[in-house]
Every structure is written in structure tokens, then in C-alpha cells.
Amino acid sequence: MTAKVAIEGVSKEFVREGGATVRAIDKATLFVNEKEIVVLLGPSGCGKSTLLRSIAGLEAPNSGLIRIGGETVFDSARNIDIPPYDRDINMMFQSYALWPHMTLEANVAYPLRVRGISKRTAQAEANDYLELVGLGGLGRQYAGSVSGGQAQRAALARTLIAKPAVVLFDEPLSNVDAKVRSRLRRELLRIHAELGFSALYVTHDQIEAMGVGSRIAVMRAGRILQIDTPEAIYEQPDDRYVAEFVGEANFLDAVVRRVDDVGMRVSTSLGDLDVRVEPDESPTVGTEVVVMIRPEYCELRPLRDSKSPQPNTIQGVISSAVYAGSRSEYICEVRGEQVHIWALGMGRRLTVGTEVEVELRGEFIRMIHGSLGVGRQP
Ligand SMILES: Nc1ncnc2c1ncn2[C@@H]1O[C@H](COP(=O)(O)OP(=O)(O)OP(=O)(O)O)[C@@H](O)[C@H]1O
Ligand SMILES: [Mg+2]
């Protein structure tokens with residue numbers, strides 16, 4: 001299957017005022033398959049918008065190759081640079097910029113009108129798309145007199161009405177509050193299932209990335225560090241930066257002591273731990289690695305409820321306890337280390353100073369780097 005969007009070895013440098021150069025994209029390689037939504041996730045300034053703008057043709061990379069639907073739209077080696085309006089894409093920007101003095105219907109119909117489609121046909125189709133984004137009946141409202149969330153939906157309808165094969169979303173939901181954002185996200189997925197476009201979707205919100213992406217590309221300083229499914233990014237991050245960007249985690253330096261079919265034993269500052277090993281990993285006895293466990297995979301029991309000796313279980317004392325609604329967040333002092341632990345749901349409310357037993361569940365302890373460097377490129 002040919003990728004709907006192919007980005008190969010794309011780099012882009014800017015020259016700042018004063019002459020310093022900034023490498024906004026650093027040899028990025030990425031493929032978006034048919035009907036796939038790939039999320040670009042990374043902190044402010046890491047190059048997400050520059051990458052989208054390069055695909056759209058609004059920015060010319062210094063080097064690399066970009067194909068859309070099999071057609072080469074940019075190739076530095078062959079001097080190909082197809083202008084934006086000849087690329088089969090549509091981009092939805094962070095600021096949705098509807099024309100306030102036009103009705104929603106006219107705003108949404110606009111991309112069809114500029115293609116020469118008759119007013120009646122364009123308006124009828126615009127109303128279908130307004131229906132699709134949950135704004136049925138609001139077509140005659142002026143864009144300047146609807147709520148932010150409604151304007152965002154109308155902008156989405158305007159983006160999709162031209163039926164582009166590829167849609168580029170640059171933080172499309174950043175202007176609405178968290179509740180509306182999660183609702184619009186679900187609607188976007190429903191619409192995507194119905195229309196089946198391919199998309200690149202930029203966000204710096206990891207929750208949004210997990211909710212929207214078939215795959216997530218985590219970016220840092222212009223480079224794509226890992227591209228993988230949300231589950232793999234969260235459960236099996238390639239390195240510490242990726243692990244920390246998508247959630248909280250406890251990290252421990254470890255030395256591999258024993259390896260067998262099901263896992264390995266490592267020694268750490270918390271003592272010896274049994275760790276799961278993936279079939280594609282083959283750690284070597286004696287090597288130094290880093291292991292990681294997320295706070296929700298650690299279990300906490302008051303010492304008085306101690307079960308008989310359990311594997312991966314160490315005694316400690318709670319030094320911080322924060323009630324956070326759906327979970328309680330604890331920090332536990334264990335042999336001089338601080339272990340972050342989340343007790344979900346109806347977990348017991350434990351107080352600071354309580355002596356506890358901490359169980360680091362071996363099937364959820366992950367080796368994240370060391371001698372392995374297991375990359376997961378497509
Ligand atoms: N026209 C420009 N001239 C000079 N530097 C630029 C230009 N556009 C972007 N940059 C720089 O390139 C880097 C990447 O910018 P970009 O806008 O792609 O980041 P981003 O990941 O989209 O960030 P944000 O999440 O804040 O939108 C930044 O350091 C930025 O300052
Ligand atoms: Mg940006």
C-alpha cells in the first residue's frame with residue numbers, strides 16, 4: 001500500500017533576527033497511510049507547525065522529499081516544489097478565522113464557490129456538512145454571533161467540504177474549553193469514520209494525541225523520536241523523553257542479572273526486580289539498562305495488611321498524599337528513592353507517615369534503553 005503522505009528526510013532551517021540558525025525540522029521521516037490519523041505531539045517550538053506547513057507548501061524545506069497521494073510535491077534534489085493550491089490537501093489552522101460578517105452557510109460553502117460550483121448546490125452541501133458537525137439549522141447565523149465551539153465546528157465543516165484526500169490539522173481544538181474539546185474530538189472521529197480522509201493532526205496535549213491518533217509521532221527539537229500506536233508510546237516508550245512526555249513514570253537504573261524465556265531479573269537501588277521482556281528484546285547479562293514503571297502499575301498496601309513475601313515488593317513510608325478525584329497520588333520513600341504511585345478509584349485514603357508495602361508489578365516494568373535501543377519506525 002502506498003502511503004497517502006510520505007515525508008522522507010525533511011529538514012528545515014530558519015535564520016533568526018541576528019543571524020542565528022534554528023533547525024526547526026531535523027531529518028524527519030514519516031508516513032501516513034490511507035484513512036489514518038497520525039498525530040504530531042511535542043512541546044512548543046519543536047517544529048510541528050513547520051512540518052505541517054511544509055506539507056501544505058507554505059514553507060519550503062532545505063532538503064528532503066514530500067509525496068502526497070503518490071505524487072511528489074516537494075523534492076529538493078530535483079527542484080520540485082508544487083504550489084499549495086495544487087496540492088491535494090486542506091489545512092485547518094489553530095485560529096479558525098471564519099468571516100464574521102458571513103453566515104455559517106456561506107463560510108462553509110466558500111471552498112465550493114471558489115471552485116465555481118453554483119450557489120444553490122454549494123449552499124445545500126454546506127448545510128449537509130453543518131448537519132454533520134452538529135450545527136444543523138444554524139446555517140443562517142452569522143459567524144460572529146455563534147459560540148467559540150460552534151465556530152470551531154463550522155471551521156471543521158469548511159475544512160472537510162472540499163473533500164481533500166489529506167487534512168492537516170494544526171491544533172484545531174485549542175480555542176475551546178476542555179469539555180467542548182473532548183466532545184469535538186469524539187465527533188471528529190465519528191466524521192472521520194464516515195468520510196475516511198487521511199490526516200496529520202498537531203497537538204501538544206498528550207490526552208488529545210492518545211484520543212485522536214491511530215499513531216503518534218513524538219517530536220523534540222525538530223526530530224521525530226518515536227512513531228507508534230498510542231498504546232505502544234505509553235506502554236513501551238523507546239526512551240525517557242517519550243515516556244515522560246506522555247505521562248508520569250518512575251525510572252530506575254538497573255543491571256541485568258539473569259535472563260530467561262519470560263523475563264529478566266535486574267538489580268536496582270530498590271533491590272532485585274523481575275521485569276517483563278518483549279520477544280524482540282534480548283538483554284545481555286551484565287549490561288546497564290533503565291527500567292520504567294508507571295505510577296498506576298504500582299500497588300500500595302499498609303504494612304499491617306502485608307501479604308506474605310511477594311516478588312517485587314519493598315517496604316516504604318508515604319511522604320506525600322494528594323487526593324485527585326479519580327485517583328489518589330502518593331509519593332513513597334523506599335530505600336532512599338521516591339516512588340510515585342497512583343491508587344485509582346476507590347483506593348484507600350492513606351495518610352503521610354503510613355508504613356506501607358509497595359509492589360512494582362513485574363509485567364508492567366519496562367526496559368526503555370540500554371544496550372538495546374529498540375527503535376520502532378514504520
Ligand atoms: N519564520 C520563521 N523564522 C524564524 N524562525 C522560525 C520561523 N518559523 C518558526 N521558527 C522557529 O522554528 C521552530 C519551530 O517552530 P514551529 O512553529 O514549527 O513550532 P511548533 O512545534 O508548532 O510550536 P507551537 O506548539 O508553539 O505551535 C521554533 O524555534 C520557531 O521559533
Ligand atoms: Mg505550532
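It is to be established whether one or more residues within segment 220-230 are out of contact with any Ser or Thr (no Cβ under 8 Å at 6 or more places or on another chain), assigned by TED's automatic domain parsing to the domain that holds ARG87 and farther than 30 Å from PHE14 by Cα.
yes
Looking only at segment 148-207, count how many residues are assigned to a loop (DSSP other than H, G, I, E, B) and of a type in the set (Lys, Arg).
1
Kindly state which strands (runs of 3 or more DSSP E) lie completely within segment 7-106 and contain at least 2 residues that are under 26 Å from VAL246 (Cβ atoms).
Passing ranges, in order: 21-32, 37-41, 89-92.
Is it true that LYS35 is assigned by TED's automatic domain parsing to the domain that holds ASP205, away from ligand 2 (no atom under 16 Å from the Cβ) and in contact with a Phe, Trp or Tyr (Cβ under 8 Å, 6 or more places away or on another chain)? Please lay out each step first, then the result.
Working: assigned by TED's automatic domain parsing to the domain that holds ASP205: yes; away from ligand 2 (no atom under 16 Å from the Cβ): yes; in contact with a Phe, Trp or Tyr (Cβ under 8 Å, 6 or more places away or on another chain): yes.
Taking the combined requirement at face value, the residue satisfies it.
Identify, please: which residue in segment 27-72 is over 17 Å from VAL218 (Cβ atoms) and acidic (Asp, Glu) and is, among those, nearest to ligand 1 (Cβ to nearest atom)?
Going through the qualifying residues, I end up with GLU59.
Among the numbered criteria (1) more than 16 Å from ligand 2 (Cβ to nearest atom); (2) part of a strand (DSSP E or B); (3) farther than 21 Å from PHE169 by Cβ, which single criterion is violated by THR2?
(2)
Looking at segment 14-27 only, could you name the residues that are out of contact with any Pro (no Cβ under 9 Å at 6 or more places or on another chain) and closer than 21 Å to ARG78 by Cα?
Selection gives ASP26, LYS27.
Taking the options VAL73, VAL39, VAL15, VAL22, name whichever one is crowded, with 17+ Cβ neighbours inside 10 Å and over 30 Å from ASN127 (Cα atoms). Spell out the reasoning first.
Working: VAL39 fails: over 30 Å from ASN127 (Cα atoms); VAL15 fails: crowded, with 17+ Cβ neighbours inside 10 Å; VAL22 fails: crowded, with 17+ Cβ neighbours inside 10 Å.
Among VAL73, VAL39, VAL15, VAL22, only VAL73 is crowded, with 17+ Cβ neighbours inside 10 Å and over 30 Å from ASN127 (Cα atoms).
Please go through (1) surrounded by 11 or more Cβ atoms within 10 Å (Cβ to Cβ); (2) more than 27 Å from ASP177 (Cβ to Cβ) for GLY134 and return the number of the only condition it doesn't satisfy.
(2) is the only condition that GLY134 fails.
The values are calculated or read from the model by the stated rules, or taken from the named source; none is laboratory data. Since this is a predicted model, take the numbers as computed values, not measurements. Note: ideal-geometry Cβ built from the backbone for every residue, glycine included; neighbour counts use all protein chains shown.
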